[in-house]
Amino acid sequence: MREPGWTRRPIAAAAALLALSALLAACGGEDGGRTAPPPEKRSLIRFVASEYSTETKPILEKLVKEFELKNPLIDIELQVANWDILDGIYTTMISQNQPPDLLNTNVYAHFAKDGLLNDFNDILSPELRNKLYPNLMSMDQIEGHQYAIPYVATLRSLYYNQGIFDRAGIQAPPRTWSELKADAERIKRAGGAYGFGVDLTDNETQAYLSYFFFGAGGGWIQSGKWTIDSPENVEGLTFLKQLYDAGLTDPEPTVTTRDEKQRILGDGKLGMMISGNYFSSVVPKEYPNLRWGSGPIPVKDGSAPISFGVHDVLVSFKTDHTDKEALSKFLDFLYDDPSYLEMIRREGFLPANSQVGAKLAAEDDAMKANLLALTRAKFYPVQEPAWQAVMDYARKLGDAVLYDGLAPKAALDELQHFAETRSKQQAAAAAALRRQP
């Protein structure tokens, strides 16, 4: 786990300049009463960013240094934090009434409901607004307010170890649940590797539930109502549990994370898993001799194929020093085509910047296909204020279903009840807030 650290440009030189300005102003008064110009305004932006890989911190530190050289009156306090501790960091900052001016996260609606966020309609330059993909921007709006903006995106797919597939006699990646089960059985019989990697740890439980909810024709919400306990979702979770019970998954779905499973696959001890397109950039760097391939997320037999996307966002909290002009300048620089393009390539993401997307798509057919699939993909219900709480609650169910004997239907009934209750509580709180004079 990487410990967070603040990076801030020293301001001693600026202090010296201000002192010199004051001295000159005093001298000017003696020479005829010339009025000194007002001191130049300084701005502060606290930026808390999530750590995607070992590349993240050096990329952002370099970008901040370059921005401050070009904008000496804007100080950027940068903190790069691992996803495992990110929630705790910004929650503490908010509780101390010192929220970040910019936060890179994957949720925003509950902050917006509580009135904590700036509206990016008042911050974004027209140039940057026109660069960002409209379908991603629309997911970050609530009632016309742009409470978040897309930062990066991923498309999820099935990734597999070609050597293990060859040893097990598997000719192509599975496209259906029955093929997934059969291939996992072949890998198990061949020995030396687990069949299918399942991640029900804190950061990915909602992802694996989504793969099997949507793969069965279900989902999280429909027409503004939670549908977590739908028959389709129950069928999806039941199938996932059956795979585990039959010994066709890795043995520790609630312990080993997605990144750890990618390494297990690279080591030749896991046949296949679902991950994001960053797999193709991150894993081959660590395992240059790995032969790997990818395919679609397997779905219930007879169901239509699905594309599933995830996008992370930037939000801006209201603070006692909010400078929207400074924020606008920094965002323009953050998304600037050359620097943003470098970040996308090194981290292995799909871009939110359409100009960068067009350039990458022209160079790479796989990127072109992924960006097209992203326009049709299903996503998490990020516009729902209860989504953060629902994710947190869902994380408790992995152990209960896999190890403690809680039936999939009972687990999803419990999660459905929690989601409905939390949404009603939030709606009542919002109504009470509107009634206040």
* Student exercise, the stretch 333-437 dipole from Lys, Arg, Asp, Glu Cβ charges, in Debye to nearest 20 -> 460 debye
* Asked: Which chymotrypsin sites (Phe, Trp or Tyr not before Pro) in the stretch 388-437 pass both tests, a DSSP loop state and at most 13 other beta-carbon atoms within 10 Å?
  -> Tyr403
* Asked: What percent antiparallel are the DSSP beta bridges of the chain, to the nearest 5?
  -> 65 percent
* Structure fact -> Carbon/sulfur accessible area of the chain, % of total, 1.4 Å probe, equals 52 percent
* Highest GNM mean-square fluctuation, the chain, Cα pairs closer than 10 Å: which of Lys70, Lys41, Lys131? -> Lys41
* Asked: Can you give the accessible area per residue of the stretch 321-437, in Å², using a 1.4 Å probe?
  -> 49 Å²
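Cα-Cα pairs above 17 Å in the stretch 301-401: how many percent?
Values: 3465 of 5050 pairs.
Counting every Cα pair in the stretch 301-401, those more than 17 Å apart make up 69 percent.
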* Helix-derived [θ] at 222 nm for the chain: sum -39500 (n - 2.57) over DSSP H runs of at least 4, divide by residue count, nearest 500? -> -15000 deg cm²/dmol
* **Spatially proximal lysines relative to Lys300 (Cα-Cα < 19 Å; intrachain offsets below 8 disregarded)** => Lys181, Lys241, Lys378, Lys409
* If one computes P(r) from the Cα atoms of the stretch 42-95, what percent of pairs lie at distances over 16 Å? -> 46 percent
* Sort Phe214, Phe67 from largest to smallest accessible area, using a 1.4 Å probe on the heavy atoms of the protein chains. => Phe214, Phe67
* With a probe of 1.4 Å, find how much accessible area the stretch 78-122 has per residue, and write the answer as a whole number in Å². => 36 Å²
* Radius, Kirkwood style, for the stretch 78-194 when every pair of distinct Cα atoms is counted (Å) -> 18.4 Å
* Structure fact -> Lys and Arg at +1, Asp and Glu at -1: neighbours of Pro99 with Cβ under 9 Å from its Cβ sum to +1
* Roughly how large, in nm² to one decimal, is the mean projection of the convex hull of the alpha-carbon atoms in the stretch 352-429? -> 7.9 nm²
* **Length added when fully stretched, Ser53-Lys409, from 0.36 nm per residue minus Cα-Cα** => 124.5 nm
* To do: Select from the chain the helices, each a whole stretch of DSSP H, whose alpha-carbon atoms run 18 Å or more along the helix axis and whose Kyte-Doolittle mean is at least -1.0; answer none if there are none.
  => 12-30, 56-70, 83-95, 231-245, 408-435
* Structure fact -> Note to self: with every protein chain in place and a 1.4 Å probe, the stretch 180-296 gives an accessible area per residue in Å² of 40 Å²
* **Ranked order, Ser178, Ser43, Ser223 - accessible area, probe 1.4 Å, largest first** => Ser223, Ser178, Ser43
* To do: Would you mind estimating how fast the chain diffuses translationally, via Stokes-Einstein at 10 °C and 1.306 mPa s with the Kirkwood radius over Cα pairs, in µm²/s?
  => 67 µm²/s
* Asked: Any idea what % of Cα-Cα pairs in the stretch 100-141 are farther than 16 Å?
  -> 44 percent
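The values are calculated or read from the model by the stated rules, or taken from the named source; none is laboratory data. The structure displayed is predicted, hence computed values, not measured ones. All Cβ positions, glycine included, derive from the backbone under ideal geometry; neighbour counts span all protein chains shown. Just the protein is used for accessible areas: all its heavy atoms, side chains included, with ligands, DNA and RNA removed. Shrake-Rupley method; radii C 1.70, N 1.55, O 1.52, S 1.80 Å.
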